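The values are calculated or read from the model by the stated rules, or taken from the named source; none is laboratory data. Not measured: the values here are computed from a predicted model. Don't worry about glycine lacking a Cβ; one is built from the backbone with ideal geometry, like all the others, and counts go over all protein chains shown.
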Amino acid sequence: MAPRISDETLLKIAASFGKRKFSTKDLIDVLQMKYKEEWEPVEQHYGAGGAGAGKHYTAYSRVAQTMQRLYRTDLIFKHDYEAAPAQYGSPVIRYWSTDREATEYILPGEETDVEEFWEGALKRVYVNRYERDPAARKKCLKHHGYQCAACDVNMGERYGELGKEFIHVHHLMPLSKIKKEYEVDPIEDLRPVCPNCHAIIHRGIEMLTIKQLRQTLKQDQ
């Protein structure tokens, strides 16, 4: 089997750029510096890219191809080609971005209730995954704010600027149980919850309700 860069690694690197755009070369620069054990086998198998490589398909192409697949799973945003700096060896380069924090990237095939509005339409990745519309997150938070609906913590107040506007968005109805396409009401169907509470809500075999978790928290006080 041909070597490849793991989706987890690429998503980690993408998240490390924050919300700013980055090129495929920017991503590969990080791969070469911090993930040599993954990058070098790919480069040896496909050959180096860049000016004068003399190959149509290279290790750079392999990474770009994987980023394209991640884009189709809604984990990465794809931007238009832009003029490349002179040293890039190409007249134009593709830019990417993500709205995910480094601590909350989601791997293809995982079913999760973190972040996202138009639910349903089964998509085949590695396993079935329900499509989501990120617009719901914004509408949910505009209405409910950034205070955890379960424990009332506000990450900005707790951690200052580093935690400002950092919160997960929880689907009150697990998407895996809906089994059909439906339009989510961001105000009625979604709630902001902190990462800790979100993890606890989904930890058991049956998903806890926010009300149940609030009751548990009160009992422990």
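Points worth noting:
- Reported count of residues in the stretch 61-111, each being within 21 Å of Ile5 (Cα to Cα), at pLDDT 70 or above and out of contact with any Phe, Trp or Tyr (no Cβ under 8 Å at 6 or more places or on another chain), is 10.
- Among the conditions (1) modelled with pLDDT under 90; (2) surrounded by 16 or more Cβ atoms within 10 Å (Cβ to Cβ); (3) polar (S, T, N, Q), the only one that Ser176 does not satisfy is (2).
- Meets criteria (in the same structural domain as Thr209 (by TED's automatic domain parsing), part of a helix (DSSP H, G or I), aliphatic (A, V, I, L, M) and modelled with pLDDT of 90 or more) for Leu162: no
- Per-region count, the stretch 179-198, residues at pLDDT 90 or above, surrounded by 14 or more Cβ atoms within 10 Å (Cβ to Cβ) and among the β-branched types (Val, Ile, Thr): 1
- The stretch 10-38, residues that are part of a helix (DSSP H, G or I), over 24 Å from Glu165 (Cα atoms), out of contact with any Ser or Thr (no Cβ under 9 Å at 6 or more places or on another chain) and of a type outside the set (D, E, K, R): Thr24, Leu27, Ile28, Gln32, Met33
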